[in-house]
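Below is one structure, written out as C-alpha cells; comments come after it.
No value in this document is a laboratory result; all are computed from the given coordinates. No experiment lies behind these values; they were computed from the predicted model shown. Glycine also receives a Cβ, built like all others from the backbone with ideal geometry; neighbour counts cover every protein chain displayed.
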Amino acid sequence: MNIEEISAAYIAEKRRVRRESTVEGYESALRIHVLPRWGSMPVDEIQPEAIQEWVLGFDRPGAAEKAYKTLRQVIRWAIRKMGLRVWDPTSLGIELPSKPAYHPQVLDAAEAREYLRGLWGCEAEAAALCSLTLGLRRGESCALEWRDINLKTGEVRVSKSRQDVRAGTVVVPPKTARSDRSLWLPAFALKRLRQLAKGHRKDELICPLAPSATARRIRSWCRSHGLPHVSMTNLRHTWATLAIEAGIGIETVAMMLGHTEIGTAYEHYIVPRKSVCVQAQRTWAEHLQKAS
C-alpha cells in the first residue's frame, strides 16, 4: 500500500476517536506536506536518507517537525494496525532542523489592569476577562455559557471546549481529564461579570462569536483603543506568569491550568520575569546571611 491509501484509512479511524478539529489538523499536514512528496510511494520504498533530505528542505522548522511527525505516525499506525511487514523508515536517526526558543509575549500586572479596563464595552469582553483571570485556553473561554458561571459564589465550571472547524464551530470535551475542573473568579472579575450577565439567558454563550472571530475582535478592539495586547493563548501564559510572580506555587498553577503534570506548566507557561528572579535571589541572600 502507498502512503495515500494508508492515510485515507488512518484518517477514517481517527474520525471515530479524535476531535474534529484535531483530525482537520492531521488532514492539513497530510494534504500540504506529506502526500505531495510521499503519497504515491509504498512504505518499503521510502528511505531514511530521503526523509532526512525532505525535512531539511523546509523553510520553517515548525512545519518540518509537523510534517515529519505526521508521516511517522501514519507509517507506524499502518505497521501496528494493518500488519504491514515492513521496516519503519522514520525510526533511524532523522534529525529535525532546530527550532528557535519560544518566548511567549505576556502582559505585566500594570498592562493586565489596563487591558481589562480598556475592554469595557467590547463584545468579547466576558471571554477575555475569563481567559485572563482564570488562565483558560481559548476554546474553554469561548465555550462558557452564563449557566457555567455561578454569579453568587464565583465558581466557573470548565467542562467543554469550543473549536473552529471548516463547517463552523463544534463543542468538544476538555483537552484532558484534569481540564474538566472548577475555578473561582477573583472578586473584581465576578463583579464585572454580574453586570455583563444582565439581560442574557443562562444558556447563552458569554461571547457569541466563534473562537477565531473572538480573538480577532479582541485584537481589533485593542488596536483601535491603544491597549496592550497579546493573543488569547498568551493570556493563559500571562495568568500563569503573574501567578508565579505573586508567589503562587507551581503545583497550584498547574492544577488551575488543568495540566496533568506540573512540568507542563513550568515548561510551557512560566516566563522567567526579572521580578521573580530578583525576589528569589533576595530570599536566597537573606537565608545565607542568617546562617550561623
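Annotations for the structure displayed:
- Helical content of the chain, expressed as a calculated mean residue ellipticity at 222 nm, amounts to -16500 deg cm²/dmol (DSSP H runs of 4 or more residues, -39,500 (n - 2.57) each, divided by residue number, nearest 500).
- In plain terms, the C-alpha convex hull of the range 151-191 casts an average shadow of 3.8 nm² when viewed from every direction.
- Normalised by 2.2 N^0.38 Å, where N counts its residues, the alpha-carbon radius of gyration of the range 126-167 equals 1.18.
- The range 85-160 and the range 17-67: distance between their alpha carbon centers, rounded to Å: 27 Å
- Against the main long axis of the alpha-carbon atoms of the chain, helix 3-17 sits at an angle near 40°.
- Whole-Hz couplings from phi, Karplus 6.51/-1.76/1.60, listed for the range 188-200; x for Gly and Pro: 5, 6, 4, 4, 5, 5, 4, 5, 5, 6, 4, x, 9
- Taking amide H atoms as placed 1.01 Å from N in the peptide plane, the amide H of Glu145 lies under 5 Å from those of Ile206, each 5 or more residues away in sequence or on another chain.
- A run of the chain free of exposed loop cleavage sites, with chymotrypsin sites (Phe, Trp or Tyr not before Pro) counted only in DSSP states other than H, G, I, E and B and at most 14 other beta carbons within 10 Å, reaches its longest extent at 121-292.
- Relative to the longest principal axis of the Cα atoms of the chain, the long axis of helix 125-134 makes an angle of roughly 90 degrees.
- With N the number of residues in the range 78-183, Rg(Cα) / (2.2 N^0.38 Å) evaluates to 1.59.
- Surface/4 estimate of mean projected area, convex hull on alpha-carbon atoms of the range 1-74, nm²: 4.7 nm²
- Averaging 1/r over every pair of different alpha carbons in the range 195-234 and inverting the result gives a Kirkwood radius of 11.7 Å.
- Interchain or long-range residues, amide H under 5 Å from Trp184's placed H: Val156
- Angle in degrees between helix 109-118 and the longest Cα principal axis of the chain, rounded to the nearest 10: 80 degrees
- For Gly39, no residue has an amide H sitting under 5 Å from its own, ignoring neighbours fewer than 5 places away on the same chain, with H placed 1.01 Å from N.
- 20 Å Cα-Cα reach of Lys274 towards aspartates and glutamates, excluding residues that sit fewer than 8 places from it in its own chain: Asp108, Glu111, Glu245, Glu286
- Two-decimal ratio, the range 115-273, of alpha-carbon radius of gyration to 2.2 N^0.38 Å: 0.99
- Counted over all Cα-Cα pairs of the chain, pairs farther apart than 30 Å make up 46 percent.
- Backbone phi angles across the range 49-64, fed through the Karplus curve with coefficients 6.51, -1.76 and 1.60 (θ = phi - 60°), yield HN-Hα couplings of 4, 5, 5, 4, 5, 5, 5, 6, x, 6, 6, 10, x, x, 5, 4 Hz in residue order; Gly and Pro are listed as x.
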